[in-house]
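Below is one structure, written out as structure tokens, with a few remarks after it.
The values are calculated or read from the model by the stated rules, or taken from the named source; none is laboratory data. In this text, all values refer to a predicted model and were calculated from it rather than measured experimentally. Counting neighbours? That spans all protein chains shown, and the Cβs are built from the backbone with ideal geometry, glycine included. Side chains are part of the model used for accessible areas, which takes the heavy atoms of the whole protein and leaves out ligands, DNA and RNA. Shrake-Rupley method; radii C 1.70, N 1.55, O 1.52, S 1.80 Å.
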Amino acid sequence: MKREAYQKIGKFYPKVRITQKIGDTAIEKDANVIAWIWARTVTCPNPACRCKMPLVHSFVLSRKKGEEIHIVPIVGDGKAIRYEIRNGLPPKDSPEGTVDRSGAHCCVCHTPVDFQYIRDYGKKHGLGAQLIAIVADSEPRRCYLEASDEYNNCINIDIDSSELDIKLPNNPRDFKTPNYGMARFSDLFSPRQLLALTTFSDLIGEVVDRVRQD
């Protein structure tokens, strides 16, 4: 199944190019991606800002001693945000993320944003999603890469999600996502995740058919 799935959708899961230092020599090689780190987004409610505001509990990627890594959001032209990978942990006097139990804040204009705004925005417009970092497998330690247009483009997939276009149960205590506009199973996944799920589901069906034929 893994081999068949790779032939069908492997191109949507590319390896990344990393530079590894061995002694005094820098070697470039391809590495498998362990994780694609995403942030849900909403438009900042401040009329003077209106940036694509990331909702992140923590920008820390690694707390392992000697290997601390975190993400720093950098505001560019037109209030577009890019994300830099930096060594160490965030300064102690700065927020670790943009979301805590009391609500959220905009990392551009620092406007406080309550959860009700996020819920209402999600129901009306849908929550956005932005790739903010990539984690790759490397020896002797993991490698953290900044997101780029190249990697963003590989996940922009048109897919028929009708198979998972089923309403989630109306139970606010156990199913929180409908409060944020994600009321169907298909809303819980990115297009690439949907593609992988439906591909493996189809392959399971093929395996069952072959077993029955044998």
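Here are the numbers for the structure shown:
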quantity	calculated
Filter result (open to solvent by less than 70 Å² (accessible area, probe 1.4 Å) and not polar (S, T, N, Q)) within region 156-188	Ile157, Ile159, Leu164, Leu168, Pro169, Pro178, Tyr180, Gly181, Met182, Ala183, Asp187, Leu188
Leading residue by the ranking (nearest to Ala5 (Cα to Cα)) among those in region 180-214 that are of a type in the set (A, V, I, L, M, F, W, C) and not in a helix (DSSP H, G or I)	Phe189
Tally of residues being more than 30 Å from Ile18 (Cα to Cα) and either surrounded by fewer than 16 Cβ atoms within 10 Å (Cβ to Cβ) or of a type in the set (Asp, Glu) (or both) across region 118-153	5
Evaluation of Asp158 against (1) under 20 Å from the mean Cα position of the chain (by Cα); (2) modelled with pLDDT of 90 or more (one fails), failing number	(2)
Matching residues in region 70-112 - criterion: being in contact with an Asp or Glu (Cβ under 7 Å, 6 or more places away or on another chain) and over 23 Å from Ile134 (Cα atoms)	Gly103
Region 164-178 residues that are free of Cβ contacts under 8 Å to residues at least 60 places away in the same chain and within 19 Å of Phe189 (Cβ to Cβ), paired with ones that are open to solvent by less than 50 Å² (accessible area, probe 1.4 Å) and not in a helix (DSSP H, G or I) (beta carbon under 7 Å, 6 or more apart)	Lys167/Ala183; Leu168/Ala183; Phe175/Leu168; Thr177/Leu168; Pro178/Leu168
Region 9-28, subset more than 22 Å from the chain's Cα centre (by Cα), within 25 Å of Glu150 (Cα to Cα) and open to solvent by 100 Å² or more (accessible area, probe 1.4 Å), residue modelled with the highest pLDDT	Glu28
Among (1) within 21 Å of Cys143 (Cα to Cα); (2) open to solvent by less than 20 Å² (accessible area, probe 1.4 Å), the one test that Leu61 misses	(2)
In region 62-95, the residues that are more than 16 Å from the chain's Cα centre (by Cα), part of a strand (DSSP E or B) and in contact (Cβ under 8 Å) with a residue 12 or more places away in the chain	Ser62, Ile69, Val75, Arg86, Asn87
Residue check, Ala35 under 19 Å from Asp137 (Cβ atoms) and either open to solvent by 40 Å² or more (accessible area, probe 1.4 Å) or in a strand (DSSP E or B) (or both)	yes
